[in-house]
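*Asks:* Mind looking over this structure? Questions follow.
The values are calculated or read from the model by the stated rules, or taken from the named source; none is laboratory data. These figures come from a predicted structure and were not determined experimentally. When we count neighbours, we look across all protein chains shown, and the Cβ atoms used for this are built from the backbone with ideal geometry, even at glycine.
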Amino acid sequence: MPEKLIKLSEKGEIVIPKELREELDLRSGAELSIQRENNHLRIDRAKDPMEILNAFLTLREKYGIKPQKLTIEELKRYREEAYEARYKKWFKK
């Protein structure tokens, strides 16, 4: 989908274009998360905690990681890998 220009309302609201909502199966009431990445905003579906745990356990098994204390950086890396594996069709490389 080509870039679309949207406006921020006085209340700070934006409207996700209909085409994108349909492509991503976003319906009214869908929970989204937003975070800042440098000078950009990233909007994702809110993550189900059980889904995150299952993805983490799958990656732990895949890479042969034994149960241990992990750093925040390691957890973030595993989370990103799980996210990209699930939504890789939306990532351009």
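*Asks:* Which residue pairs have Cβ atoms closer than 7 Å, lie 6 or more positions apart in sequence or on different chains, and pair a first residue in segment 1-18 that is over 21 Å from Arg45 (Cβ atoms) with a second residue that is of a type outside the set (Asp, Glu) and in a loop (DSSP other than H, G, I, E, B)?
*Replies:* Sorted first by the residue in segment 1-18, then by its partner, the pairs are Leu8/Ile14.
*Asks:* Same structure again: Within segment 41-53, is there a residue that is of a type in the set (Asp, Glu), at negative phi, exposed (fewer than 10 other Cβ atoms within 10 Å of the Cβ) and in a loop (DSSP other than H, G, I, E, B)? It would help to see each step written out before you state the result.
*Replies:* We begin by selecting, within segment 41-53, every residue of a type in the set (Asp, Glu); these are 44, 48, 51.
Then keep just the ones that are at negative phi; that gives 44, 48, 51.
Of the ones still in play, those that are also exposed (fewer than 10 other Cβ atoms within 10 Å of the Cβ) are none.
No, every residue in segment 41-53 fails to be of a type in the set (Asp, Glu), at negative phi, exposed (fewer than 10 other Cβ atoms within 10 Å of the Cβ) and in a loop (DSSP other than H, G, I, E, B).
*Asks:* While we're looking at this one, here's another question. Can you name the residue in segment 63-87 that is surrounded by fewer than 10 Cβ atoms within 10 Å (Cβ to Cβ) and not in a loop (DSSP other than H, G, I, E, B) and, of all such residues, is modelled with the lowest pLDDT?
*Replies:* Step one: filter segment 63-87 for residues surrounded by fewer than 10 Cβ atoms within 10 Å (Cβ to Cβ), giving 63-64, 66-69, 71-73.
Filter again for not in a loop (DSSP other than H, G, I, E, B), leaving 72-73.
On the way: Ile72: 82, Glu73: 85.
Filtering first and then ranking leaves Ile72.
*Asks:* Taking segment 20-40 only, how many residues are assigned to a strand (DSSP E or B) and touching a residue at least 12 places away in the same chain (Cβ under 8 Å)?
*Replies:* First, the residues of segment 20-40 that are assigned to a strand (DSSP E or B): 32-37, 40.
Retained after the next criterion (residues that are touching a residue at least 12 places away in the same chain (Cβ under 8 Å)): 32-33.
The total comes to 2.
Okay, residues lined up against (1) within 18 Å of Tyr78 (Cβ to Cβ); (2) in contact with a strand residue (DSSP E or B) (Cβ under 9 Å, 6 or more places away or on another chain):
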position: Ile16; (1), (2): no, yes
position: Glu19; (1), (2): no, no
position: Ile34; (1), (2): no, yes
position: Leu41; (1), (2): no, yes
position: Ala55; (1), (2): yes, no
position: Glu61; (1), (2): yes, no
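*Asks:* While we're here: Is it the case that segment 2-17 has a residue that's on the phi < 0 side of the Ramachandran plot, in a helix (DSSP H, G or I) and either of a type outside the set (A, V, I, L, M) or modelled with pLDDT of 80 or more (or both)?
*Replies:* From segment 2-17, those on the phi < 0 side of the Ramachandran plot are 2-11, 13-17; that's our starting set.
Then drop every residue that is not in a helix (DSSP H, G or I), which leaves none.
No - not one qualifying residue is present in segment 2-17.
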